[in-house]
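The block underneath contains the structure these notes are about, expressed in structure tokens.
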Amino acid sequence: MKLKILLSKLNTLVIEKPWVFFVIILIIGLYLRFNHIGEVIAFNWDQGRDAWEIRNIIQGKLTLIGPKTGIGEFHLGPIYYYLLVPFYYAANLDPMASNYFNILANIVNFIIIFAVTKKIFNNYAALFVTLLYATSTYLTVINRIPWNVTLMPGVAALIFFSIINVYREKYRWVFAAWILSGFYFNLHFTAIFLPLIVGASFIFVKKKKLVIKYSLLSLPLYFIWFIPNILYELQNSNTDYYRMRDFLQNYYIGFHLRFMLHRLSDSLLEFGAIINYPPFSLLKYLVPAVFFILAFFFGKKKEDRILAYLISLWFIIPLFGFTIYGGPISDYYFLYGAPMVLFVLWFLAERLFLLKRRLLYILSILFLCLFIHHNIKDTLKRPAQGGLNAQKESVKKTIINNEKIDYSEGDIRSYLYTIWEKDGARF
């Protein structure tokens, strides 16, 4: 009887005050990501490059281009750099400012994912999804890194939410979908897939003509994010145009079915990375298969089939895109898929709970506890002294020994030497 009363009170609290639980989950997620962050994350080439660019902006040398892609070396939009400027200015050019911004960016991701899941599904879904997002080893480790891809999951979730709202006949959300798709160009080159994903998402909406009209009206709001890069191209003799041309010549391989099957494993990478439970490695393939079968063929509501269709586009379109690309792929290329994976996991978990079998409840809760334990046990270990703090100490010793570090674009040590020796910043 006491247990039933307790469960009833918890249920009431989840329904009426879900933000109480969210704040607890948020604190756990931030602790796992940023505890001793100065000793955990060393600043590599990307972070060194960013630090130099922000220093230039603060000194009045504004830029029209953002970070370079690893393959092809063409530029993203510059918004990420300008978001970092207030943090570097407040920190007196200390590169730790990138970590401060990254903490804020992660908070934004948490809020977006919680709020979007709550609106699409319900309070329980929002807490379940946010808890998985908070404790996943993969997401914890990749979210620690201060770089331009951090906001990819949050922006992807907002784009997906905008599309869902269009299906709920809130057609003005078409504008949000396209604006966010343009903004995404400042985060990662996989923005190239978004026009296809968004366009294909609108195929089954009721008022297609209205959606087409709003999409056409949205084009200026989409392309506005590309204006700085276009201006840079006009001023610099189509530098990125030629890089893009060379990229296509070197990496475009055409469509091959056998290679697409090879890329299938990559396209499902987020499933394997987030589930991350070795005894069940086949879940990487099994979970999406079961989801699509249940939603498409056994879904009792039209909304289930629409949900499955919309989620599938975030995996199928990039699969075809990466199939005609012959270059290397990194796991963070697929970060846009993280919210979709979490939505799929909730869909399956809810179906289990609807069976109303006590044994399934117990097994599901046990699996969730084992999942969380497996994911956080290594994350909670205090790291050995290293990271940015160790890099700072190394440069301090160099300065004390009257040695010099020459400029290097992606070298955080040369950046630290410059701001301490030439810009007057303090250790």
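The values are calculated or read from the model by the stated rules, or taken from the named source; none is laboratory data. Here the structure is a predicted model, which means the values were calculated and not measured. Note that each Cβ is placed from the backbone with ideal geometry, even for glycine, and that neighbours are counted across all protein chains shown.
Does Arg263 meet the test of being surrounded by fewer than 16 Cβ atoms within 10 Å (Cβ to Cβ) and either in the same structural domain as Thr323 (by TED's automatic domain parsing) or more than 26 Å from the chain's Cα centre (by Cα) (or both)? Show your work before the answer.
Values: surrounded by fewer than 16 Cβ atoms within 10 Å (Cβ to Cβ): no; either in the same structural domain as Thr323 (by TED's automatic domain parsing) or more than 26 Å from the chain's Cα centre (by Cα) (or both): yes.
It is false that Arg263 is surrounded by fewer than 16 Cβ atoms within 10 Å (Cβ to Cβ) and either in the same structural domain as Thr323 (by TED's automatic domain parsing) or more than 26 Å from the chain's Cα centre (by Cα) (or both).
Here is a list: Ile15, Ile112. Which entry is surrounded by 15 or more Cβ atoms within 10 Å (Cβ to Cβ), touching a residue at least 12 places away in the same chain (Cβ under 8 Å), in contact with a helix residue (DSSP H, G or I) (Cβ under 9 Å, 6 or more places away or on another chain) and in a helix (DSSP H, G or I)? Before you say what the answer is, go through the steps one by one.
On the way: Ile15 fails: surrounded by 15 or more Cβ atoms within 10 Å (Cβ to Cβ).
The match here is Ile112.
Taking Ser265, is it under 26 Å from Phe343 (Cβ atoms), among the polar types (S, T, N, Q), modelled with pLDDT under 95 and part of a helix (DSSP H, G or I)? Quick ask: steps written out before the conclusion?
Values: under 26 Å from Phe343 (Cβ atoms): yes; among the polar types (S, T, N, Q): yes; modelled with pLDDT under 95: yes; part of a helix (DSSP H, G or I): yes.
Against the criterion (under 26 Å from Phe343 (Cβ atoms), among the polar types (S, T, N, Q), modelled with pLDDT under 95 and part of a helix (DSSP H, G or I)), Ser265 qualifies.
Filter the range 231-260 for residues that are hydroxyl-bearing (Ser, Thr, Tyr) and either in contact with a Ser or Thr (Cβ under 8 Å, 6 or more places away or on another chain) or at negative phi (or both); which is surrounded by the most Cβ atoms within 10 Å (Cβ to Cβ)? Reasoning before the result, please.
Initially, the range 231-260 is screened for residues hydroxyl-bearing (Ser, Thr, Tyr), giving 232, 237, 239, 241-242, 251-252.
Now drop any that are not either in contact with a Ser or Thr (Cβ under 8 Å, 6 or more places away or on another chain) or at negative phi (or both), which leaves 232, 239, 241-242, 251-252.
Numbers: Tyr232: 17, Thr239: 15, Tyr241: 12, Tyr242: 12, Tyr251: 14, Tyr252: 11.
Selected residue: Tyr232.
Residue by residue, here is whether (1) at pLDDT 95 or above; (2) touching a Lys or Arg at 6+ places or on another chain (Cβ under 8 Å); (3) within 22 Å of Ile28 (Cβ to Cβ) holds:
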| position | (1), (2), (3) |
| --- | --- |
| Ala115 | yes, no, yes |
| Ile120 | yes, no, no |
| Leu131 | yes, no, yes |
| Thr137 | no, no, yes |
| Asn143 | yes, yes, yes |
| Met152 | yes, no, yes |
| Ile159 | yes, no, no |
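Restricted to the range 322-376, and to residues that are in a helix (DSSP H, G or I) and basic (Lys, Arg), which residue is farthest from Thr117 (Cα to Cα)? Steps first, please.
Initially, the range 322-376 is screened for residues in a helix (DSSP H, G or I), giving 322-323, 331-354, 358-376.
Filter once more, so that each one left must be basic (Lys, Arg): 351, 358.
Numbers: Arg351: 16, Arg358: 26 Å.
Once the filter is applied, the top-ranked residue is Arg358.
What do you reckon, is Asp240 among the charged types (D, E, K, R), in contact with a strand residue (DSSP E or B) (Cβ under 7 Å, 6 or more places away or on another chain) and in the same structural domain as Phe322 (by TED's automatic domain parsing)?
Values: among the charged types (D, E, K, R): yes; in contact with a strand residue (DSSP E or B) (Cβ under 7 Å, 6 or more places away or on another chain): yes; in the same structural domain as Phe322 (by TED's automatic domain parsing): yes.
Here the answer is yes, as Asp240 does meet what is asked.
For the range 348-373, which positions are within 26 Å of the chain's Cα centre (by Cα) and at pLDDT 80 or above? Quick ask: steps written out before the conclusion?
To start, the set of residues in the range 348-373 that are within 26 Å of the chain's Cα centre (by Cα) comprises 348-350, 367-373.
Matches in the range 348-373: Leu348, Ala349, Glu350, Leu368, Cys369, Leu370, Phe371, Ile372, His373.
Go through the range 203-230 residue by residue and tally those that are surrounded by fewer than 18 Cβ atoms within 10 Å (Cβ to Cβ) and within 23 Å of the chain's Cα centre (by Cα).
4
Looking for something in contact with an Asp or Glu (Cβ under 7 Å, 6 or more places away or on another chain) and polar (S, T, N, Q) - is there at least one such residue anywhere in the range 12-19? Outline the logic, then answer.
First, the residues of the range 12-19 that are in contact with an Asp or Glu (Cβ under 7 Å, 6 or more places away or on another chain): none.
The answer is no, given that none of the residues of the range 12-19 is in contact with an Asp or Glu (Cβ under 7 Å, 6 or more places away or on another chain) and polar (S, T, N, Q).
Could you list, in sequence order, the residues of the range 132-150 that are in contact with an Asp or Glu (Cβ under 9 Å, 6 or more places away or on another chain) and outside any loop (DSSP other than H, G, I, E, B)?
Looking only at the range 132-150, we keep the residues that are in contact with an Asp or Glu (Cβ under 9 Å, 6 or more places away or on another chain), and these are 137-138, 142, 145-148.
Matches in the range 132-150: Thr137, Tyr138, Ile142.
Please go through the range 169-188 and pick out each residue that is touching a residue at least 60 places away in the same chain (Cβ under 8 Å) and of a type outside the set (Phe, Trp, Tyr).
Matches in the range 169-188: Asn186, Leu187, His188.
Can you tell me which residue within the range 280-339, out of those that are among the acidic types (Asp, Glu) and in contact with a helix residue (DSSP H, G or I) (Cβ under 6 Å, 6 or more places away or on another chain), is nearest to Val141 (Cα to Cα)?
Only one residue tops the list, namely Asp331.
Applying the selection to the range 386-425, what residues are touching a residue at least 24 places away in the same chain (Cβ under 8 Å), over 28 Å from the mean Cα position of the chain (by Cα) and part of a loop (DSSP other than H, G, I, E, B)?
Selection gives Ser408, Asp423, Ala425.
When only residues in the range 45-91 that are hydroxyl-bearing (Ser, Thr, Tyr) and in a helix (DSSP H, G or I) count, which is surrounded by the most Cβ atoms within 10 Å (Cβ to Cβ)?
First, pick out the residues of the range 45-91 that are hydroxyl-bearing (Ser, Thr, Tyr): 63, 69, 80-82, 88-89.
Checking the rest, the ones that are also in a helix (DSSP H, G or I) come to 80-82, 88-89.
On the way: Tyr80: 22, Tyr81: 23, Tyr82: 17, Tyr88: 25, Tyr89: 13.
Ranking the qualifying residues of the range 45-91, first place goes to Tyr88.
Sort out which residues of the range 115-131 are of a type in the set (A, V, I, L, M, F, W, C), surrounded by fewer than 24 Cβ atoms within 10 Å (Cβ to Cβ) and part of a helix (DSSP H, G or I), and write them in order of number.
So in the range 115-131, the residues of a type in the set (A, V, I, L, M, F, W, C) come out as 115-116, 120-121, 125-129, 131.
With the extra rule that they be surrounded by fewer than 24 Cβ atoms within 10 Å (Cβ to Cβ), the set shrinks to 115-116, 120-121, 125, 127-128, 131.
Correct list: Ala115, Val116, Ile120, Ala125, Leu127, Phe128, Leu131.
Can you name the residue in the range 322-334 that is within 12 Å of Asp266 (Cα to Cα) and in contact (Cβ under 8 Å) with a residue 60 or more places away in the chain and is also surrounded by the fewest Cβ atoms within 10 Å (Cβ to Cβ) among such residues?
Here is the first cut: in the range 322-334, the ones within 12 Å of Asp266 (Cα to Cα) are 322-323, 328-334.
Checking the rest, the ones that are also in contact (Cβ under 8 Å) with a residue 60 or more places away in the chain come to 323, 328-334.
Details: Thr323: 22, Pro328: 9, Ile329: 14, Ser330: 12, Asp331: 13, Tyr332: 17, Tyr333: 20, Phe334: 24.
Going through the qualifying residues, I end up with Pro328.
Being aromatic (Phe, Trp, Tyr), touching a residue at least 24 places away in the same chain (Cβ under 8 Å) and part of a loop (DSSP other than H, G, I, E, B) is the filter here; which residues of the range 273-321 pass it? Talk me through it step by step, then tell me what you get.
So the first thing to find is which residues in the range 273-321 are aromatic (Phe, Trp, Tyr), and the list is 277, 280, 285, 291-292, 296-298, 309, 314-315, 320.
Within this subset, residues satisfying the condition of being touching a residue at least 24 places away in the same chain (Cβ under 8 Å) are 277, 291, 309, 314-315, 320.
Answer for the range 273-321, where residues must be aromatic (Phe, Trp, Tyr), touching a residue at least 24 places away in the same chain (Cβ under 8 Å) and part of a loop (DSSP other than H, G, I, E, B): just Tyr277.
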